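S.K.: Have a look at this one before I ask anything.
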Amino acid sequence: MNPRPTDEAIAAPRGARSSLRSRWTGALRAALVPLAAGSLTLLCLILWTGTGRAGSPAEIEVAEGRVFLPILDTQDTTGVFFEVTNTGGSDEQLLEVSTERGRAMFSDRELTTGAGRMIMIPRITVPAGSTLDMSPFTPNVMLSPDRPLIEGERIDFVLRFRQSGEIPVSAVVVPPGS
């Protein structure tokens, strides 16, 4: 019969036990920071999802627009104004505007000393849950018509958005200020 080893013989030496304990303590401390960061991120995602807006795409609606009738016969550009509503949960960008009635581009007003000046811009952002009501004082469309405009005339445009794609819309020619 083999003699049973004693508890002291089975136990690791005292130095080996403290080394093992310090390894576990170090590993737990190292894991604590990523675990806390992950938990905080998960909590934020749960709260964001709870609002019902997480991951919802932009939802764009464009109302019929207005094209200002140029005041002077020599005026070669005029403003086009649409009301663009984004009821979705993410921002949308208006990337391009086109029409068969001439050249269209985006513009905005840059405030400088005095009244400011018009500048061309590459795109227009429509924030989530908001409406962009284009005007001479906000981002808008500039049109260089290929022939004179007539009051009451309807002009077809295509607005191309990053997420929502192409949206056809028309605008009626009106006197400025109406």
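S.K.: Mind checking the per residue accessible area of the stretch 55-178 for me, 1.4 Å probe, whole number of Å²?
M.R.: Working: 6760 Å² over 124 residues.
That works out to 54 Å² per residue.
S.K.: Can you order the peptides 98-105, 165-172 by their average number of other Cβ atoms within 10 Å per residue, highest first?
M.R.: Numbers: 98-105: 15.9, 165-172: 14.1.
Going by the mean number of other Cβ atoms within 10 Å, highest first, we get 98-105, 165-172.
S.K.: Taking the Cα centre of the stretch 122-167 as the origin and placing charges on Cβ (Lys, Arg +1; Asp, Glu -1), which of SER144, PRO122, ILE155 is farthest toward the positive end of the dipole?
M.R.: It is PRO122.
S.K.: Right, another one. Kindly provide the pair-distance distribution of the stretch 63-116 built from C-alpha pairs, with 10 Å bins from 0 and whole-percent values in order of increasing distance.
M.R.: All Cα pairs, binned at 10 Å, distribute as 16, 41, 33, 9, 1 percent.
S.K.: Here's a follow-up. Based on the Cα gyration tensor of the stretch 38-178, what are the three equivalent ellipsoid semi-axes, each the root of five times an eigenvalue, rounded to whole Å and given largest first?
M.R.: Numbers: eigenvalues 244, 56, 28 Å².
Semi-axes from the Cα gyration tensor: 35, 17, 12 Å.
S.K.: What length, rounded to one decimal in nm, is gained on full extension from SER178 through to SER130, with 0.36 nm per residue of separation minus their alpha-carbon distance?
M.R.: Numbers: separation 48, 0.36 × 48 = 17.28 nm, distance 2.35 nm.
Result: 14.9 nm gained on full extension.
S.K.: Ignoring solvent entirely, what values of log10 I(q)/I(0) come out of the Debye formula for the stretch 127-178 at 0.32 Å⁻¹ when each Cα is a single scatterer?
M.R.: -1.38
S.K.: Describe numerically, in nm with one decimal, the distance between label points set 7 Å from Cα along Cα→Cβ at ARG162 and at ARG21.
M.R.: 5.6
S.K.: At 1.4 Å probe size, with the rest of the protein present, what percent of the exposed accessible area of the stretch 31-178 is carbon and sulfur atoms? Numbers along the way, then the final one.
M.R.: Working: 5150 of 8770 Å².
For the stretch 31-178, the apolar C and S fraction of the accessible surface comes to 59 percent.
S.K.: Once you have the Cα-Cα distance between GLU110 and SER98, take 0.36 nm times their residue separation minus that, and quote the gain in nm to one decimal. Walk me through the numbers on the way to the answer.
M.R.: Working: separation 12, 0.36 × 12 = 4.32 nm, distance 2.35 nm.
Gain on stretching GLU110 to SER98: 2.0 nm.
The values are calculated or read from the model by the stated rules, or taken from the named source; none is laboratory data. Predicted model only: the values in this text are computed from it and were never measured. So basically every Cβ, Gly included, is an ideal-geometry build from the backbone, and we count neighbours across all protein chains shown. Just so you know, the surface numbers come from the protein's heavy atoms only, side chains and all, with ligands and any DNA or RNA stripped out. Shrake-Rupley method; radii C 1.70, N 1.55, O 1.52, S 1.80 Å.
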